[in-house]
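The structure under discussion appears below in the form of structure tokens.
The values are calculated or read from the model by the stated rules, or taken from the named source; none is laboratory data. Since we're looking at a predicted model, the values are computed, not measured. Virtual Cβ from ideal backbone geometry, glycine too; neighbours counted across all protein chains shown. The area values use the complete protein model at the heavy-atom level, side chains included, leaving out ligands, DNA and RNA. Shrake-Rupley method; radii C 1.70, N 1.55, O 1.52, S 1.80 Å.
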Amino acid sequence: MKSIFEKDLIAACVRQDRKAQFELFERYKVALYSTVYRILDDEAEAHDALQESFIEIFKGIKHFRAESTLGAWMKKIAVRKAIHMVKKRMYFTSLDQVESFSDQGGINGWIDGEMLDHAIRKLPLGCRSVFLLVEVEGYKHAECAQLLSISESTSKSQLFYAKKLLRESLNQVLKA
């Protein structure tokens, strides 16, 4: 199928044109999968979240108002699907524990993307979710708190905790 301009692709998807839906899926599947996988850290769940996201996208594309890019709109749906899937198994470290951390040291050495990705995947689910939403996906703490059904202060404390754990984990790797 020839490349279709986004506006025409959206119109065809609204008409439930299967070729257009496939084209939309092909254009965005890798980016959306990457996003949900980082949140879920489980291939099977990420595939489920991706599938559920595209079902919602195809059902709701007629309501897309172009207030943002199509990709950003789709990403928001995928993030919400992934967050919904992890809410039941998510826990957050108490604020008292987070406030007791005093080490604000940096990372002593050079790290690469693979090392960082591995360290992020080792984070507890609660603080990993906050870290990914705020630092990687660019959500504000208020938006993150709303998505995760937590307070804004919990979002901030979990981000602090995630950064502390990342520093510790990466420094351990560099010492080895």
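Some observations on this one:
- Rough spin-label spacing in nm, given labels placed 7 Å along Cα→Cβ, for T69 and H84: 2.5 nm
- Partners of K175 within straight-line reach, counting lysines whose Cα lies under 22 Å from its Cα and excluding those fewer than 8 residues away in the same chain: K122, K163, K164.
- Ordered by solvent-accessible area of protein heavy atoms (1.4 Å probe), largest first, the residues T35, T154 come out as T154, T35.
- Once the Cβ-Cβ distance of K29 and V173 is raised to the sixth power relative to R0 = 22 Å, the FRET efficiency obtained is 0.10.
- Cβ-based net charge around E56, under 14 Å, with every Lys or Arg adding one and every Asp or Glu removing one: +4
- Residue-wise HN-Hα couplings along the range 116-125, as the Karplus relation 6.51 cos²θ - 1.76 cosθ + 1.60 with θ = phi - 60° gives them from phi, are 5, 4, 4, 5, 5, 5, 7, 5, x, 3 Hz; Gly and Pro carry x.
- Sequence of F5, F54, F25 when ordered by accessible area, the most exposed leading, probe 1.4 angstrom: F5, F25, F54
- Where labels lie 7 Å past Cα in the beta-carbon direction, separation of M115 and I55 in nm: 4.2 nm
- Full extension of the segment from V136 to A44, taken as 0.36 nm per residue of separation minus the current Cα-Cα distance, would add 30.9 nm.
- Computed as a quarter of the hull surface, the mean projected area of the alpha carbon convex hull for the range 1-60 stands at 4.1 nm².
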